[in-house]
Amino acid sequence: MFNLILFGPPGSGKGTQSDKLVGKYGLIHLSTGNLLREEIAEKTPLGIEAKSLMDKGQLVPDEVVIGMIDSSLEHHKDAKGFLFDGFPRTIAQARALDKLLELKKTGINTVISLDVGEEELIQRLLNRGKTSGRSDDTDEIVIRKRFAVYNNETTPVAEYYKKARKFQSVKGEGTVDEIFETLCRVMDKKMKQ
Ligand code: AP5
Ligand code: MG
């Protein structure tokens, strides 16, 4: 198995690049943001609870997203590997993911972080908000809250993987294709190791 975490702040291109990477490398894309938005669309109790937090730019409780990842891993028992997008976002989530993968006799191979400046991120998100229907993209105050949550709660996750020597950053600015090429170079190298 080959398991990748695509890491980075809101708007850094995780979803965009995940779509391309899973096609090329045959991985299963697990985005907790997408899974939560599906719950919201279906108006499940979990979705209703998550929506009020997501609308404010806050994180959904760890046990909720860990449970979603656990059942997705179970659901794809024959996967060649997974691409985690927007997960883990806290140290508790990172530890839980390690445990879940260990039970499956596998682990995280690499974490690639997309580096993008904050002003570019805000422009991308406000731009997407015009058409996406994502309530957390239309208000600059909520977008800034998402960055603050990322800086406070999610950047420690980068340290967690740096200590494990699994973390690497790439430039996340430029065209989608340029960034994809860079990611593929990193992936090809890591897959040979
Ligand atoms: P989530 O859905 O994960 O959102 P996010 O991390 O805030 O990031 P985005 O999806 O907005 O950005 P992205 O990096 O995927 O970029 P994208 O490719 O879309 O989470 C949403 C919420 O759910 C959280 O706030 C939280 O409440 C909750 N949640 C989710 N996971 C959780 C977890 N694990 N724990 C707790 N709570 C959780 O690109 C953005 C835009 O830029 C697009 O319009 C795209 O077209 C454009 N773009 C992409 N690449 C480029 C480029 N190279 N040049 C120009 N534009 C580009
Ligand atoms: Mg995304």
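The values are calculated or read from the model by the stated rules, or taken from the named source; none is laboratory data. Model, not experiment: these values are computed from the prediction. Every residue, glycine as well, gets a Cβ built from its backbone with ideal geometry; the counts of neighbours run over all protein chains shown. SASA here: full protein model, heavy atoms, side chains in, ligands and nucleic acids out. Shrake-Rupley method; radii C 1.70, N 1.55, O 1.52, S 1.80 Å.
Structure values in brief
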quantity	calculated
Selection count where residues are touching a residue at least 24 places away in the same chain (Cβ under 8 Å) and within 11 Å of ligand 1 (Cβ to nearest atom), scope region 6-28	14
Of all residues making up region 12-32, the number that are open to solvent by 20 Å² or more (accessible area, probe 1.4 Å) and within 12 Å of ligand 2 (Cβ to nearest atom)	5
Residues located in region 175-193, provided they are of a type in the set (Val, Ile, Thr), touching a residue at least 12 places away in the same chain (Cβ under 8 Å) and out of contact with any Gly (no Cβ under 9 Å at 6 or more places or on another chain)	Val186
Test: Leu36 is touching a residue at least 12 places away in the same chain (Cβ under 8 Å), near ligand 1 (Cβ under 8 Å from one of its atoms) and more than 24 Å from Glu181 (Cβ to Cβ)	yes
Selected residue (criterion: nearest to ligand 2 (Cβ to nearest atom)) from residues of region 135-147 that are assigned to a helix (DSSP H, G or I) and open to solvent by 40 Å² or more (accessible area, probe 1.4 Å)	Ser135
Ile91 within 16 Å of ligand 2 (Cβ to nearest atom), open to solvent by less than 60 Å² (accessible area, probe 1.4 Å) and aliphatic (A, V, I, L, M)	no
So Thr131, is it in a helix (DSSP H, G or I), open to solvent by 50 Å² or more (accessible area, probe 1.4 Å) and either under 20 Å from His29 (Cα atoms) or within 9 Å of ligand 1 (Cβ to nearest atom) (or both)	yes
Meets criteria (of a type outside the set (A, V, I, L, M, F, W, C), under 22 Å from Leu35 (Cβ atoms), more than 8 Å from ligand 1 (Cβ to nearest atom) and in contact (Cβ under 8 Å) with a residue 40 or more places away in the chain) for Ser169	no
Qualifying position, being near ligand 1 (Cβ under 9 Å from one of its atoms), farther than 30 Å from Ser52 by Cα and open to solvent by 70 Å² or more (accessible area, probe 1.4 Å), among Glu178, Glu153, Glu102	Glu178
